[in-house]
Amino acid sequence: MMLDVQLGELLGDTPAGVGEALDLVAGFDGALTHGFARLGEEASAALAALAGALAASPLGDRIGEAAEKVAAGSIGDEHLAVLAGGRAALFGAVHDALLARLDTALGRARGAWEAGGGAGEPGSVLAGARGWLRELAITGWRGVDHDLVSSSDQAIEALLAVPELRGLAVLLDGLAAELRASCPVATMDVVPARRWGDLWMRALLLSQKGTWHGAAEPVSGRLLILGADVHEHATVIRVQVHGILEPAGGAPSKLVRTSVAAAKVDTISGPSVWRLMSDHPVLMGALAGHLSLEVTDLPLLPGGDLVWHDDRAQAGAAADPFATARLQLAAAEAPPTPPLDRHPVRIAEPVFLEGYTIHGQTLDLGGNTLPVALDRLPSCGPLTPELVSASSACIGLMRWDGGQWLLQPLAVQATVKKKPVTAHTGDWAMGPTDPKVVKAEAKAGDVVAVLRERAGRLLRK
């Protein structure tokens, strides 16, 4: 449990240097917006400031040279990679400062990252991705047009053909889709420079040698689910399950995550998206039924991510997520953060809170206030803003966004009409249980089944 005193410590002043580091990133993003081919005095100064801030780091000499070369009009892949690394290093420092403060407030132990090499994927395949990202940097976001966006197609297709590089392919495809929808970018009132800068940076670093997440090790034991974070977009649905792994053999428990995803179309929304997860009945059944899972030889990545295989898990006994959070969350060891994931926006740490009150979108605990991210509640489950507002206990994720800490609810215990109510985002993983929602779903028909039938008919022709 996070006590009110600890919450007060967390929500105090931002760690020293965070504002200055983010200002340096903003300067870099401003230069990237207008393109490195036409750097003015202000943009050149921004690159020099970035290099100066990292002069004493291991990147020092290389980033200083890269800033000078780019300002002089010599824009090579190696220079862009170093600049992207410098930008990532600043975000990494911010991430580490914030996460250290959160761990201190929670009394949470965290494992140390052990350096390891990437997978070393084929250079020719990655070169195509680097070439497109270089053209984006030279042109700048303001110069992006449909022709430049379309030139990414060949690189993305080549990446998709290599299973280990499909994550990078999806990242590039997502960036290309956002740029395509915004073309011509020159006419936009406001460019999402931070977001596009983040995507460009991550893609460029991943395109150096492929995957960076380290080698997986097989683990067995009991998985206790805390909650599910649902990410829904027009073309994809992703369910990220947070839990506590009790390894076989009596090793200390660990905080872990596992994710499953499926392609979709924008007409599939609300509770219907769970039908797309039919390939994972064991995991979905455990989410809906609040069951533990016995897992055998599931690959565990160094960053705490379990690579899910439904055939390596079986449902166990009932396990109330709130009992798990109350009794075991505080003692579970948190995983280290992989280098490329050291970004404040990626902080999503499970916490348990109780004995608070909520006014509007603000949680009050012992006189300390914490914004509640009601806009992150998915439309596919029973967890609503009204239930969150009526709650007195919550399992959630602590996030840092927009310069402040936020709480994203995953499950709540509330009192509605003098009756206790519990709601989790994954309660409808095997289908809705609310009679009104079931009736509405029946009236609308099975959209997923209809689309699958039509797709099958087209493939047979």
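Read-outs throughout are calculated quantities, based only on the coordinates presented, and are distinct from any laboratory measurement. All values reported here derive from a predicted model rather than from experimental measurement. With ideal geometry, Cβ positions are generated from the backbone for all residues, glycine too; neighbour counts draw on all protein chains shown.
A crude spin-label estimate for the pair Ser124 and Asp77, with each label 7 Å from Cα along the Cβ direction, gives 1.3 nm. Charge tally around Glu217: other residues with Cβ under 13 Å, Lys/Arg +1 each, Asp/Glu -1 each, net -2.
So for segment 276-363, what are the equivalent ellipsoid semi-axes in whole Å, largest first, each being the square root of 5 times an eigenvalue of the Cα gyration tensor? Numbers along the way, then the final one.
Numbers: eigenvalues 131, 87, 40 Å².
Calculated on Cα positions only, the semi-axes equal 26, 21, 14 Å.
If packing is taken as the mean number of other Cβ atoms within 10 Å per residue, what is the order of 91-98, 366-373, highest first?
Those peptides, ordered most packed to least, come out 91-98, 366-373.
Between Glu68 and Thr211, the contour length at 0.36 nm per residue exceeds the alpha carbon distance by 48.5 nm.
For the pair Val438 and Thr104 in one chain, pulling the backbone fully straight at 0.36 nm per residue adds 115.8 nm over the alpha carbon distance. Over segment 21-209, the alpha carbon radius of gyration divided by the compact-protein estimate 2.2 N^0.38 Å works out to 1.06. Distance between the modelled labels on Gln361 and Gln154, one decimal in nanometres: 4.5 nm (7 Å Cα→Cβ projection). Cβ-Cβ distance of Ala112 and Lys419, R₀ of 51 Å, FRET efficiency by 1/(1 + (r/R0)^6): the value works out to about 0.65. Rg/Rh, computed from the Cα trace of segment 217-331 with Rh as the Kirkwood radius, has the value 0.98.
With the charge dipole of segment 21-209 set up from +1 on Lys and Arg Cβ and -1 on Asp and Glu Cβ about the Cα centre, the Cα lying farthest toward the positive end among the listed residues Ala115, Leu24, Ala137 is that of Ala115.
Summing Cβ point charges (Lys, Arg +1; Asp, Glu -1) relative to the Cα centre of segment 217-331 gives a dipole of roughly 200 debye.
For a paramagnetic label modelled on Asp266 (point 7 Å from Cα along Cα→Cβ), amide N atoms under 16 Å away belong, within segment 137-174, to 174. Listed from fewest to most Cβ neighbours within 10 Å, the set Lys417, Lys209, Lys264, Lys69 follows the order Lys417, Lys209, Lys69, Lys264. In the chain, the inverse of the mean reciprocal separation of distinct Cα atoms equals 23.9 Å; this is its Kirkwood hydrodynamic radius.
What the Kirkwood sum gives for segment 288-424 is a hydrodynamic radius of 16.7 Å, with every pair of different alpha carbons counted. Multiply the residue gap between Ala37 and Ala161 by 0.36 nm, knock off their C-alpha separation, and tell me the result in nm, one decimal place. Extra length available between Ala37 and Ala161 comes to 41.4 nm. Using C-alpha pairs under 8 Å with a sequence gap of at least 6, the mean separation divided by the residue count of the chain gives a relative contact order of 15 percent. Please work out the FRET efficiency for the pair Ala315 and Asp13, using the Cβ-Cβ distance as r and a Förster radius of 56 Å; give the result to the nearest 0.05. It comes out at approximately 0.75.
How many angstrom lie between the C-alpha centres of segment 269-312 and segment 349-389? Distance between centres, Cα-based: 25 Å.
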